[in-house]
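A.B. asks: Sharing a structure here in structure tokens format.
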Amino acid sequence: MNSGSKDPRAGGRHQYTPAERAEAVRIVRSSKGRTILEIAAELGINDKTLNQWVVQARNADIDPEGSMTDAAKRRIRALENQVAQLEKDLEFEKKARAFTQAISLRRRNSK
């Protein structure tokens, strides 16, 4: 992505096309466990710029018409984060339950 970008020390700024922005956001969204900082460095994009694109894309997903207040969008994002955490907790609980059942079964079979 950084091909053709100008040296920021020379005062130039690279203008990214909507396609380049969309591709960078797609990479962030599909890169589980990697930070925006890592991805931005890899793509040659300022991490704050990339983060801004990701936030804009999330806002567009939440409110395509742009009619919601910022407070409503923040509330939706907070609820999405809460749902994601609850899903992680539930997955952990399922694994813990399976583990304890396996231990109980082994104990019963070893007697």
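The values are calculated or read from the model by the stated rules, or taken from the named source; none is laboratory data. Fair warning: this is a prediction, and the values are worked out from it, not measured in the lab. Cβ placement follows ideal geometry from the backbone for every residue including glycine, while neighbour counts extend to all protein chains displayed. Ligands, DNA and RNA are excluded from the accessible area calculation, which covers all protein heavy atoms including side chains. Shrake-Rupley method; radii C 1.70, N 1.55, O 1.52, S 1.80 Å.
A.B. asks: Any aspartates and glutamates with Cα under 13 Å of the residue 73 Cα? List them, leaving off those in the same chain fewer than 8 positions away.
C.D. replies: By straight Cα distance, residue 73 reaches 61, 63, 65.
A.B. asks: Give the residue from 40, 66, 84 lying farthest towards the positive end of the charge dipole for the chain; charges sit on Cβ (+1 for Lys and Arg, -1 for Asp and Glu) and the dipole is referred to the Cα centre.
C.D. replies: Going by the charge dipole, the pick is 84.
A.B. asks: So, one more: Given a 1.4 Å probe, how much area per residue of the chain is accessible, in Å²?
C.D. replies: 79
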